[in-house]
Amino acid sequence: MISNQILQSTIDGLKAITKTDISVLDTEGKTLATTLTDNVSYEEEAAAFVESPADSQVLQGIQFFKVFDDHQLEYVILAKGESESVFMIGKLIVFQIQNLLVAYKERYDKDNFIKNLLLDNLLLVDIYNRAKKLHIETDVRRVVYIIETKNEKDGNALEAVRSLFAGKSKDFITAVDEKNIILVKELKPNENYESLNETAKVILDMLNTEVMSQAHVAYGTIVNEIKEVSRSYKEAKMALDVGKIFYSNRNVVAYNNLGIGRLIYQLPMPLCKMFIKEIFEGKSPDNFDEETLATINKFFENSLNVSETSRQLYIHRNTLVYRLDKLQKSTGLDLRVFEDAITFKIALMVVKYMKYMESLD
């Protein structure tokens, strides 16, 4: 159905052109939109008109018209005046609203198609048949973005994203759950992954400034056929999850830039537990004190450079060496040795993954 705001905007524009007052009523006679200011109810007259076989009727200085959608009565139009010109205006309004119904139905059908496409609810033959009927090109480059907002059911954010891409009729914006906005974007031949990252930043900036909404954006890989769109969506979903676990400081996460986080995310939980038990002998990095964890993280940030780490921590070099020796005694891993450092880094990431998966249960 067309929103009441759209109906009101339409008849306001038509009144400005025709100087004729107009009302749009539902099939029960309730007013949905009007330019009339006399507050007179025409509910009974409209209800009687709905039951009559006539498509138009004049009553008490008001002309009534029916608006059908596939032979189903959708609206009753009221045009104030009995003249022939008002009758013609009424017919034009009926034509305009019928066209709006067709456009909105097509938009709904496209939205429904895209949702089912993303969720893999369509057979391959249905994908191409429905795409053809909806005039959606099948062999173009596309990518799927997921925009996760801080608040659930954030309608303002959804409308803001729609307005950002309003002039691009080949892009699709929809939602498949309470928090995530999905953008299926058609790409030009010269657009690459650097361009995708810039688009993600534009979306973030717009949401931060116009809607005052914090968000995270993730996107999948570029696909060349419509049947592969669901793959890009699944990749974007994985990128969003991996970003939350391992790269919480990033607002934009790309599937093709997940690094080792992608591998850890796909590990089965029993294997993770076995690995942690092997490395830490039943202990957990959570048992380390804050000083030790800060030292470890800073040491990794500085690529295992003892001098630079001690400088940034404002401690003597020997103090840092003492802390690393102490860690080696408790874990058997010397972070100054590259192989041990890699093992420890992976173990920390595995622990993060395990805590995230436990939080979902």
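Quick rundown of the values:
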{"quantity": "Neighbour net charge for PHE95 - beta-carbon separation under 14 angstrom, K R +1, D E -1", "calculated": "-1"}
{"quantity": "Cα→Cβ-extended label distance, 7 Å offset, between GLN60 and LYS201, nm", "calculated": "6.3 nm"}
{"quantity": "Cα gyration tensor shape of the chain, rounded if a/c is under 1.5, else prolate or oblate by comparing a/b with b/c", "calculated": "prolate"}
{"quantity": "Probe 1.4 Å, accessible area per residue of the range 46-107, Å²", "calculated": "54 Å²"}
{"quantity": "GNM result for the chain, Cα springs below 10 Å: residue of TYR314, TYR128, TYR104 fluctuating most strongly", "calculated": "TYR314"}
{"quantity": "LYS30/SER303 FRET efficiency (R0 56 Å; Cβ-Cβ; nearest 0.05)", "calculated": "0.20"}
{"quantity": "Cα-Cα over 24 Å, subset of LYS298/LYS345; LYS19/LYS110; LYS234/LYS277; LYS91/LYS170; LYS150/LYS227; LYS110/LYS201", "calculated": "LYS19/LYS110; LYS234/LYS277; LYS91/LYS170; LYS150/LYS227; LYS110/LYS201"}
{"quantity": "Shape category assigned to the range 229-333 from the gyration tensor of Cα positions, a/c cut at 1.5", "calculated": "oblate"}
{"quantity": "Net lengthening on full extension, GLU290/LYS91 (0.36 nm per residue, minus Cα-Cα)", "calculated": "64.1 nm"}
{"quantity": "Dipole magnitude (debye, nearest 20) for the range 185-302, charges at Cβ of Lys, Arg, Asp, Glu", "calculated": "420 debye"}
{"quantity": "Spatial separation of Cα centroids for the range 136-207 and the range 281-347, in angstrom", "calculated": "41 Å"}
{"quantity": "Dipole of the chain, positive direction: furthest Cα of GLY243, SER169, TYR233, with charges on the beta-carbon", "calculated": "GLY243"}
{"quantity": "Value at 222 nm in deg cm²/dmol, rounded to 500, when DSSP H runs of n ≥ 4 in the chain each add -39,500 (n - 2.57)", "calculated": "-16500 deg cm²/dmol"}
{"quantity": "Tilt relative to the chain, helix 290-301 - C-alpha long axis, 0 to 90 degrees, to 10", "calculated": "80 degrees"}
{"quantity": "Principal-axis tilt of helix 124-133 within the chain, Cα atoms, nearest 10 degrees", "calculated": "40 degrees"}
{"quantity": "Cα-based helix-to-principal-axis angle, 84-118 vs the chain, degrees rounded to 10", "calculated": "20 degrees"}
{"quantity": "Sum of side-chain charges, ALA54 neighbourhood, beta-carbon under 15 Å (Lys, Arg +1; Asp, Glu -1)", "calculated": "-1"}
{"quantity": "Protein accessible area in the range 148-216, 1.4 Å probe - carbon and sulfur %", "calculated": "47 percent"}
{"quantity": "Two-site FRET efficiency, THR37 against ASN121, from Cβ-Cβ distance with R₀ of 35 Å, rounded to 0.05", "calculated": "0.10"}
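The values are calculated or read from the model by the stated rules, or taken from the named source; none is laboratory data. As the structure is a computational prediction, the values presented were derived from the model and not from experiment. Glycine gets a Cβ as well: all are built from the backbone with ideal geometry, and neighbour counts include every protein chain shown. Accessible surface is based on the protein model in full, side chains and every heavy atom, while ligands, DNA and RNA are left aside. Shrake-Rupley method; radii C 1.70, N 1.55, O 1.52, S 1.80 Å.
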